[in-house]
Amino acid sequence: MRRLPGTPEQIARGVFAGAVTVFTPYFGLHFVIAALLARVMRGSMIAALLATFIGNPLTYVPIAIISLNLGHFMLGSRPTVGVNDSLFARFGNAAGDLWHNFKAMFTDDVAHWGELLIFWNTVVWPWTVGGVIPGLICGIVCYFLSVPVIRAYQKRRAARLRKKMEKLRQQADAAE
């Protein structure tokens, strides 16, 4: 992020886009979503892509818990994931349905959509709805924290470059 082109506000809008995107359940699409959101906001796409790394193995568990529970609360539903039916089992069952349906395209098997529908209703949709508020909060905090830091860095870098150019001018004048 040290040499990103643009104003501090443009770069920070990219950081905002990346931070908000992390709170969506669309793994594998975070880069695409962050880049599109940054483009719409006229922010730095590179900063948006880098900011998606806020989501990592250490942060995804709390993000998932907060987003899922808030989503179920906002939708007026109850989280149905229990001891025998874990979140990992829901992901596994949905993946099993996807694999079965893929094989069914080439065989006489009938496609099964039940587990995918359960996964959508109990995980993806609540996580999407519940990720909006914490995503916006995280994005706003990241925006307002990054603007002054980026501005200070750019000023310091410009001062160093001016100092270096002045030194080169002095050396050129001395050589003449």
How many residues does segment 145-176 contain that are open to solvent by 90 Å² or more (accessible area, probe 1.4 Å) and under 15 Å from Q10 (Cβ atoms)?
1
Looking only at residues that are touching a Leu at 6+ places or on another chain (Cβ under 8 Å) and open to solvent by 30 Å² or more (accessible area, probe 1.4 Å) in segment 114-128, which one is modelled with the highest pLDDT?
W125
For segment 15-78, list the helices (runs of 4 or more DSSP H) that sit wholly inside it and hold at least 1 residues that are in contact (Cβ under 8 Å) with a residue 60 or more places away in the chain; which are they?
45-51, 60-75
Restricting segment 71-113 to residues that are over 26 Å from I33 (Cβ atoms) and either open to solvent by 100 Å² or more (accessible area, probe 1.4 Å) or touching a Gly at 6+ places or on another chain (Cβ under 6 Å) (or both), the one modelled with the lowest pLDDT turns out to be V83
Residues (open to solvent by 70 Å² or more (accessible area, probe 1.4 Å) and aliphatic (A, V, I, L, M)) located in segment 1-31
M1, L29
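The values are calculated or read from the model by the stated rules, or taken from the named source; none is laboratory data. The structure displayed is predicted, hence computed values, not measured ones. Cβ atoms come from the backbone with ideal geometry, glycine included; neighbour counts cover every protein chain shown. For the accessible areas, the whole protein counts, side chains as well, though only heavy atoms, and no ligand, DNA or RNA atoms are used. Shrake-Rupley method; radii C 1.70, N 1.55, O 1.52, S 1.80 Å.
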